[in-house]
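Have a look at the structure below, then the notes.
The values are calculated or read from the model by the stated rules, or taken from the named source; none is laboratory data. A quick note: this is a predicted structure, and the numbers were derived from the prediction, not measured. Neighbour counts are summed over all protein chains in view; Cβ atoms, including those assigned to glycine, are modelled from backbone coordinates with ideal geometry.
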């Protein structure tokens with residue numbers, strides 16, 4: 001009985017419990033912010049990669065060939081200007097980011 005009474009009156013572990021709860025809360029908050037930052041960084045890197053790929057000029061042209069009764073048609077493709085395409089990509093990324101923010105505010109994170 002004295003042991004039970006001594007355990008009930010012992011408060012030396014109270015501080016450790018409060019510190020553990022505080023550290024746990026800070027850890028979860030830090031991990032959440034870190035993951036959010038990582039997601040934003042990945043999105044930005046993917047956007048930069050899309051801009052880099054779009055900067056490659058893929059225009060081509062070749063003339064048809066004719067030999068006797070056989071022939072092949074020529075073909076040509078002129079790629080739109082990179083500036084115009086990058087502006088369209090930038091607008092699309094901004095639109096998707098705004099949709100993500102609106103969705104997060106209403107229902108939480110949008111998972112891929």
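Tabulated data
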{"read-out": "Selection count where residues are at pLDDT below 75 and assigned to a helix (DSSP H, G or I), scope region 7-23", "value": "5"}
{"read-out": "Cross-chain or 6+ apart pairs with Cβ under 7 Å, region 44-73 first and under 19 Å from residue 97 (Cβ atoms), then surrounded by 10 or more Cβ atoms within 10 Å (Cβ to Cβ)", "value": "47/93; 50/89; 51/86; 51/89; 54/82; 54/85; 54/86; 54/89"}
{"read-out": "Single unsatisfied condition, residue 62 versus (1) modelled with pLDDT under 90; (2) in contact with a strand residue (DSSP E or B) (Cβ under 7 Å, 6 or more places away or on another chain)", "value": "(1)"}
{"read-out": "Boolean, residue 26 is loosely packed, with under 10 Cβ neighbours inside 10 Å, in a helix (DSSP H, G or I) and out of contact with any strand residue (DSSP E or B) (no Cβ under 8 Å at 6 or more places or on another chain)", "value": "no"}
{"read-out": "Those residues of region 93-112 which are surrounded by fewer than 11 Cβ atoms within 10 Å (Cβ to Cβ) and modelled with pLDDT of 85 or more, in sequence order", "value": "95, 98"}
{"read-out": "Which listed residue, of 56, 16, 7, is over 30 Å from residue 104 (Cβ atoms), touching a helix residue (DSSP H, G or I) at 6+ places or on another chain (Cβ under 9 Å) and surrounded by fewer than 10 Cβ atoms within 10 Å (Cβ to Cβ)", "value": "56"}
